[in-house]
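Here's the structure, in structure tokens; my notes come after.
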Amino acid sequence: MSDIRAHEIMVPTSQPDDARLHFIGRIHTPWTDRKDCPRQGKQDGPECRIEIFEPWVPALKGIEIFDQIEVLYWLDKSRRDLVVQNPGHSDRTYGTFALRSPVRPNPIGTVGAKLVKVEGSALIVRGLDCLDGTPLLDLKPDRCAFTPKAPPKD
């Protein structure tokens, strides 16, 4: 990948082989092109579907009691070699760690999403900001809103 903006700095990288991640699902959104994807998810955005793969489906037990969940995903279409970036909406440059850009050395995305409902092995949520087909890494109750909606049902 050689298409970088003015004032961006690229470093040589190799394919990492020191971490093993298991994609536990797939995210389905309306966006197929990065330019159409929202810069940050909005709680009033469109409903999106998070599909959970076996054998991880039982791990959803109890998640329905939360209003908000943290969604961690792998930005599989992102480049990984920029240390300084020039965001398209700015004339300034920033270090990668000062941005929420999908261009990262380890392209992990995270967003707080509103949990709308659970449908079997899938979650319907609002507030995502990733492309259709994005691999899912993990789900967690929101760390700032850890209060369940109602007592858990057995």
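No lab work stands behind these numbers, since they all come straight from the coordinates. All values derive from a computational prediction rather than experimental measurement. Here Cβ is always computed from backbone atoms with ideal geometry, including for glycine, and neighbour counts include all displayed protein chains.
When the range 75-99 is filtered for residues that are surrounded by fewer than 15 Cβ atoms within 10 Å (Cβ to Cβ), under 30 Å from residue 121 (Cα atoms) and in contact with a strand residue (DSSP E or B) (Cβ under 7 Å, 6 or more places away or on another chain), only 76 remains. Scanning the range 17-74 for residues that are of a type in the set (Gly, Ala, Ser), out of contact with any Leu (no Cβ under 6 Å at 6 or more places or on another chain) and surrounded by 17 or more Cβ atoms within 10 Å (Cβ to Cβ) returns a single hit, 45. For the range 35-65, a tally of residues being in a helix (DSSP H, G or I) and either among the polar types (S, T, N, Q) or under 19 Å from residue 117 (Cα atoms) (or both) returns 7. Among the numbered conditions (1) surrounded by fewer than 15 Cβ atoms within 10 Å (Cβ to Cβ); (2) within 19 Å of the chain's Cα centre (by Cα), the only one that residue 112 does not meet is (1).
Looking at the range 5-21, can you tell me whether even one residue there is of a type outside the set (S, T, N, Q), in contact with a Lys or Arg (Cβ under 8 Å, 6 or more places away or on another chain) and in a loop (DSSP other than H, G, I, E, B)? Outline the logic, then answer.
Looking only at the range 5-21, we keep the residues that are of a type outside the set (S, T, N, Q), and these are 5-12, 16-21.
In the following step, the residues that additionally are in contact with a Lys or Arg (Cβ under 8 Å, 6 or more places away or on another chain) were identified as none.
The answer is no; no qualifying residue exists.
All conditions but one from (1) farther than 21 Å from residue 141 by Cα; (2) in a strand (DSSP E or B); (3) β-branched (Val, Ile, Thr) apply to residue 32; the one that does not is (2).
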